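K.L.:
Pasting a structure here, questions to come.
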Amino acid sequence: MQISNLSSPLFDLSNENIARAMGFKFQNINEIYNDKVGELKASDYLKLDDANRAKVHDRNAYPLTGFTNGKEAKVSIIGKLMGYDNTISKEDIRELKKFIDDSGVLGLEKNPAFEPKGIFKKDTLNSEKLSVDDFIDQFANKNILSFISYGGSKTAELLDSDMSIDEFKGKWAKFALEKRFGVELDEDLAKETMNVVNEIEIQRDKDEIKEKNLNPYK
């Protein structure tokens, strides 16, 4: 599938097109205010913040909202990273963000059918390694864009789960090694291997900086 320009309704993020993408049917957009989103009137839904919109509707329609889909809205891994879980400390969030950042895999997996070049000035849809903060800023609670970029991906599957942080780390390390190096290991060994890879990359970066300082004109 190739997307050639921004004139496609898919990329026209007007109120009308967003509403149609959410399943509303209308002749005039004002009609939707008497329609419903889940159990809420659309007008009430539109008054909610992102977190509460995700709880009542978005989590069952889009990836990366911060909550799991299904009957009960549980805070997902990405929801923890977004600060939705008040049982996890800021230090634990920082540590989890560092673990994901150090893995070097976040942002490398997108749906290849929806990865055109140059649609946005910053090539928003193109695969590139991202920090957790940048990933959240670009894709969390972005609904249509989240679905286009990560719908059905392993990235979304893991980040949208409500597994324990320890279990998530094992599965994420396994995913990172497979995606980056084509290496398949069990989860415990994957975590250990990922730590070694991180140490090697840190030392490599230090050596490159040292070499550049010693040979500034090289």
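K.L.:
Would you calculate the separation in nanometres between label points at D188 and D44, each defined as 7 Å from the Cα along the Cα-to-beta-carbon direction?
P.N.:
5.0 nm
K.L.:
Taking the Cα-to-Cβ direction at E157 and at V196 and moving 7 Å from each Cα, how far apart do the two end points lie in nm?
P.N.:
So the label points at E157 and V196 sit 2.6 nm apart.
K.L.:
Projected area of segment 48-163, taken from the Cα convex hull and averaged over every viewing direction, in nm²?
P.N.:
Mean projected area for segment 48-163: 7.2 nm², to one decimal.
Throughout, read-outs are computed from the coordinates displayed, never taken from laboratory work. All values derive from a computational prediction rather than experimental measurement. Please note: Cβ atoms are built from the backbone with ideal geometry, for glycine as well, and neighbour counts cover all protein chains shown.
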